[in-house]
Amino acid sequence: MQNYQIHTSSQETQPIVSFIITYYNLPIQMLCECIDSILALSLRSFEREIIVIDDGSEVSPMNELIGYGDDIIYVRQKNGGVSVARNTGLQMAKGKYIQLIDGDDTLIQAPYEHCLDIVRYSKDADVILFDFTHNPKEKATSFDAPKRCGGSEFMRNNNMRGAACCCLFRNAVRSQLEFTPGICYGEDEEFTPQLLLRAEVVYDTNVKAYYYRERETSAVHQKDYASKQKRLNDAISVIRHLSMLGDRMPSNDRLAMQRRVAQLTMDYIYNIITLTRSRQELETRIKELHAEGFFPLPDRDYSQKYKWFRRMTNSSFGRNILLCTLPYLKRER
């Protein structure tokens, strides 16, 4: 498959932000809404770089994108999955900061401008964290002053949001960090903790600056057996990798990573229950976790939810209760 590119920037000034949009078999209207949400920001043309990575869609959107002219860079490549597509964008990006965005999502102008102001005026921000919403019309009433701390400190003391699209990060801090090819579920959970541990200065905001569009056809909503097994297998692969990295880290970073691994293990057990609803599957995977030292969950005061879940999963009786209840409850964020 041939690569195509629309526009190579002639500007010598380094953009403030490179926006990396990953696209695969989406309605063109969604992609245009995504691009338009970036163009609506206060960044001038030379302050932004918009890179659209088409991960081998069945029908190229190139003709529909010609109208954007010099505002975007379009690259079409052989289908390799979202991790490979993002890596292509990361390798191309020239901006001081990076913003990842999925092609069916949008940025919400007012709260995202708040994040851009932190970049403009703080001068020291390595990562700016924000939240997402499923309601694009949600109105922000006020923006609290962001909390400033180091990345390791943040991870040791907070239940971090794993979504890579919900952070604006300095390209130089990322260094050579990329997404693991082949990981289709949980690629963000593997990337974001490593990014935060590289960050000396993190600003944690309360703003909902990212509209996450829920679609039944997206990867996370696939309900066939193979997709569920792939999701679980990817999750345990990420847990193993992060645990191995944590074992080699200095004390404070190791504690930060241990907290994240424990919380991802909790999520993994939750997903075994809700995706499979199988006691046999649950007990088989629990035994595997136990053999590798991930179970029982560490006795830590990470959150009330964590402490409750740990107690319930520690006994066969508790796991039975979870099997009978969790699949029918709406999951809290």
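Taking the range 14-61 as the region of interest, how many residues are part of a loop (DSSP other than H, G, I, E, B) and among the β-branched types (Val, Ile, Thr)? The number of residues fulfilling the criteria is 2.
The residues in the range 62-106 that are of a type in the set (Gly, Ala, Ser) and part of a loop (DSSP other than H, G, I, E, B) can be counted, and the count is 5. Of all residue pairs spaced 6 or more apart or on separate chains, those with beta-carbon atoms under 8 Å, a first member in the range 172-189 that is outside the structural domain of Arg240 (by the TED database) and of a type in the set (Phe, Trp, Tyr) and a second member that is modelled with pLDDT under 95 and in a helix (DSSP H, G or I) are Tyr185/Ala219; Tyr185/Val220.
Looking only at the range 149-161, filter to residues that are touching an Asp or Glu at 6+ places or on another chain (Cβ under 8 Å) and touching a residue at least 40 places away in the same chain (Cβ under 8 Å); which one of those is farthest from Cys184 (Cα to Cα)? Quick ask: steps written out before the conclusion?
Going residue by residue through the range 149-161, those that are touching an Asp or Glu at 6+ places or on another chain (Cβ under 8 Å) are 149-152, 154, 158, 161.
Restricting the remaining residues to those that are touching a residue at least 40 places away in the same chain (Cβ under 8 Å) gives 149-152, 154, 158.
Numbers: Cys149: 31, Gly150: 29, Gly151: 26, Ser152: 26, Phe154: 27, Asn158: 26 Å.
Ranking the candidates gives Cys149 first.
Does Ser60 count as polar (S, T, N, Q) and under 21 Å from the mean Cα position of the chain (by Cα)? Break it down stepwise before answering.
Values: polar (S, T, N, Q): yes; under 21 Å from the mean Cα position of the chain (by Cα): no.
Answer is no for this residue.
For the range 255-297, a tally of residues being of a type in the set (Lys, Arg) and surrounded by fewer than 17 Cβ atoms within 10 Å (Cβ to Cβ) returns 3.
Can we say Ile108 is touching a Phe, Trp or Tyr at 6+ places or on another chain (Cβ under 8 Å), assigned by the TED database to the domain that holds Gly186, buried (at least 18 other Cβ atoms within 10 Å of the Cβ) and free of Cβ contacts under 8 Å to residues at least 40 places away in the same chain?
Details: touching a Phe, Trp or Tyr at 6+ places or on another chain (Cβ under 8 Å): yes; assigned by the TED database to the domain that holds Gly186: yes; buried (at least 18 other Cβ atoms within 10 Å of the Cβ): yes; free of Cβ contacts under 8 Å to residues at least 40 places away in the same chain: no.
Against the criterion (touching a Phe, Trp or Tyr at 6+ places or on another chain (Cβ under 8 Å), assigned by the TED database to the domain that holds Gly186, buried (at least 18 other Cβ atoms within 10 Å of the Cβ) and free of Cβ contacts under 8 Å to residues at least 40 places away in the same chain), Ile108 does not qualify.
If the condition is being touching a helix residue (DSSP H, G or I) at 6+ places or on another chain (Cβ under 6 Å) and aromatic (Phe, Trp, Tyr), then the range 307-333 contributes only Phe309.
Scanning the range 112-128 for residues that are farther than 25 Å from Asn252 by Cβ, of a type in the set (Gly, Ala, Ser) and in contact (Cβ under 8 Å) with a residue 12 or more places away in the chain turns up nothing.
Do the conditions hold for Leu264, that is, is it among the hydrophobic types (A, V, I, L, M, F, W, C) and in contact (Cβ under 8 Å) with a residue 60 or more places away in the chain? Here the answer is yes, as Leu264 does meet what is asked. Scanning the range 175-221 for residues that are modelled with pLDDT of 95 or more and of a type in the set (Gly, Ala, Ser) yields a count of 2.
Determine, yes or no, whether Glu138 is at pLDDT below 95 and of a type outside the set (S, T, N, Q). Spelling it out, Glu138 is indeed at pLDDT below 95 and of a type outside the set (S, T, N, Q).
Would you point out the residue of the range 123-152, among those that are among the small types (Gly, Ala, Ser) and surrounded by 14 or more Cβ atoms within 10 Å (Cβ to Cβ), that is nearest to Tyr203 (Cα to Cα)? Per the criteria, the residue is Ala125. Of the numbered criteria (1) among the aromatic types (Phe, Trp, Tyr); (2) out of contact with any Asp or Glu (no Cβ under 6 Å at 6 or more places or on another chain); (3) modelled with pLDDT of 95 or more, the one Tyr24 fails is (2). Consider the range 84-94 and keep the residues that are in contact with a Pro (Cβ under 9 Å, 6 or more places away or on another chain) and surrounded by fewer than 20 Cβ atoms within 10 Å (Cβ to Cβ). The one that is nearest to Arg148 (Cα to Cα) is Lys94.
Pairs linking a residue in the range 82-93 that is more than 17 Å from Ile50 (Cβ to Cβ) to a residue that is among the polar types (S, T, N, Q), with Cβ atoms under 7 Å and 6 or more positions apart or on different chains, are Val82/Thr22; Ser83/Thr180.
The values are calculated or read from the model by the stated rules, or taken from the named source; none is laboratory data. Not measured: the values here are computed from a predicted model. Every residue, glycine among them, receives a Cβ derived from its backbone with ideal geometry; neighbour counts consider all protein chains shown.
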